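Below is one structure, written out as structure tokens; comments come after it.
The values are calculated or read from the model by the stated rules, or taken from the named source; none is laboratory data. For clarity, every value in this text was computed on a predicted model and none was experimentally measured. Cβ: placed from backbone, ideal geometry, glycine included. Neighbour counts: every protein chain shown. Calculation scope for accessible area: heavy atoms of the full protein, side chains included, ligands and nucleic acids excluded. Shrake-Rupley method; radii C 1.70, N 1.55, O 1.52, S 1.80 Å.
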Amino acid sequence: MDNLQPIFEQLFGNEWGGPLFLLVKNLLLIFAIIVPLLLAVAYLTFAERKIIAYMQVRVGPNRVTFFSIPWLRGWGQPIADAVKAVMKEIIIPTGANKFLFLIAPVLSIGPALAAWAVVPFSPELVLADINAGLLYILAMTSLGVYGVIIAGWASNSKYAFLGAMRSAAQVVSYELAMGFALVCVLMMSSSLNLGDIVTGQKGDSFLNWYLIPLFPMFLIYFISGVAETNRAPFDVAEGESEIVAGFHVDYSGMAFTVFFLAEYANMILVATLTSIMFLGGWLPLVDIAPLNLIPGMVWLLMKIAFMLFFFLWFRATFPRYRYDQIMRLGWKIFIPITLVWIVLLGIVMQLPESVLQSFPLNLWFN
């Protein structure tokens, strides 16, 4: 696409051609990221309902379809749900703060979409290849909790406010564990750039991925990601049996759908970051033919789908944790383990080269 820049400069001059080309290029990249992401969110809901139905020996959605092909039955369900959400009325409760009530869903989905700006899908395909990409991700993902808090407060409902407080405490607690886990990735790769982190895992096979030396951090990061997205079994913020759906109990129509989109977009983001940080991103499982002939983006998408399956599996398997269990897991187990691992990693990185070469550690520490 960079070959088109001279054409823009000829049409609009050197002063305006370059900036206009960058604007058009970035808009096209944003469109190429957001549209597939929204489609993935829609059909992730369909996959969730079908997979959990299979695990519970049910059928799942099997009526709404555009074709008579048996194995495509139900594939129109996400589109039908979207049409229903658009047509439903947005009801604002009496006594609610109207402006904050409507702005809260936007504050939830905004950071969930903005975080994708620095995600590299391949060595060449990334919207903003900034050196502080990891720091940007941490900043964006921490902003989503403001939409939850504002939604709970603006509804003027005790149930919504309790759900918002639960969600805020849970997200803040597990963000610390996620951040410390990513500090280990930063120490291994010596870079905050997500592309450099993937390149640091390059080698002959999956043995070079950070999954092996940082396996406890991989588990902590992913489980903390499940907790931060308020997914089962950490969904006490939306505990139907306790506080009637939590912070979005008073939302309906597109306002509720935007919260729904933000949750599933964050799920895909956590799965993507887990794949990039620990599973080699776009790198193949083994660098041999024909595996290395598969495009890097296909490898990344397969790893994302693999990690998303665990989100669905957890929901079908585990009961909801008590709130005190969730807080204890975050503060008394995850955070101490990450701090100990950071110290151990620092000690290993200070070992002499001869000691590293006498163990398999020279795969990851150069």
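Highest first, please rank the peptides 56-66, 191-201, 299-309 by the mean number of other Cβ atoms sitting within 10 Å of their residues.
Highest-to-lowest ranking by the protection proxy: 191-201, 299-309, 56-66.
How much accessible area per residue does the chain have, counting only protein heavy atoms and a probe of 1.4 Å, in square angstrom?
Using a 1.4 Å probe on heavy atoms only, each residue of the chain averages 51 Å².
Which distance in nm do the two modelled labels at residue 158 and residue 103 give, with both placed 7 Å along the Cα-to-Cβ direction?
The answer from the label model is 2.9 nm.
Can you tell me the dipole magnitude for the chain around its Cα centre, using point charges on the Cβ only (Lys, Arg +1; Asp, Glu -1), in Debye to the nearest 20?
Charge dipole of the chain: 1200 debye, to the nearest 20.
Which distance in nm do the two modelled labels at residue 47 and residue 68 give, with both placed 7 Å along the Cα-to-Cβ direction?
Between residue 47 and residue 68, the simple spin-label model gives 3.0 nm.
How large, in percent, is the carbon and sulfur part of the accessible surface of the range 225-357 at a probe radius of 1.4 Å?
Result for the range 225-357: 72 percent of the exposed heavy-atom area is carbon or sulfur.
Let me check something: with ligands and nucleic acids excluded, how do 165, 188 order by accessible area (1.4 Å probe), largest to smallest?
165, 188
For the pairs 202/332; 50/88; 88/158; 50/202; 25/50; 50/158, note any where the Cα-Cα span goes beyond 31 Å.
Correct reply: 202/332; 50/202; 25/50; 50/158.
Give the peptides 218-229, 40-51 in descending order of average Cβ contacts within 10 Å, highest first.
Ranked from most to least packed, the peptides come out as 218-229, 40-51.
Compute the length gained on full extension between residue 143 and residue 23: take 0.36 nm times their separation in residues and subtract their Cα-Cα distance, giving the result in nm to one decimal.
Difference between extended and current length: 40.6 nm.
Hey, can you rank 316-328, 267-279 by average C-beta count inside 10 Å, highest first?
267-279, 316-328
Given the Cα-Cα distance of residue 204 and residue 87 and 0.36 nm per residue of separation, how much length would full extension add, in nm?
Result for the pair: 36.8 nm of gain on full extension.
Using modelled backbone amide H atoms (1.01 Å from N, in-plane), which distant-in-sequence or interchain residues come within less than 5 Å of residue 65's amide H?
74, 76
Under the rule of -39500 (n - 2.57) per DSSP H run of 4 or more residues, summed and divided by the residues of the chain, what mean residue ellipticity at 222 nm is obtained, to the nearest 500 deg cm²/dmol?
-21500 deg cm²/dmol
Could you run the Karplus curve 6.51 cos²θ - 1.76 cosθ + 1.60 with θ = phi - 60° over the range 55-60 and give me ³J(HN,Hα) per residue in whole Hz, x for Gly and Pro?
Here the 3J(HN,Hα) series is 5, 9, 6, 10, 9, x Hz.
Do me a favour and compute the ellipsoid semi-axes for the chain from its Cα gyration tensor, root of five times each eigenvalue, largest one first, whole Å.
One finds semi-axes of 34, 28, 23 Å for the chain.
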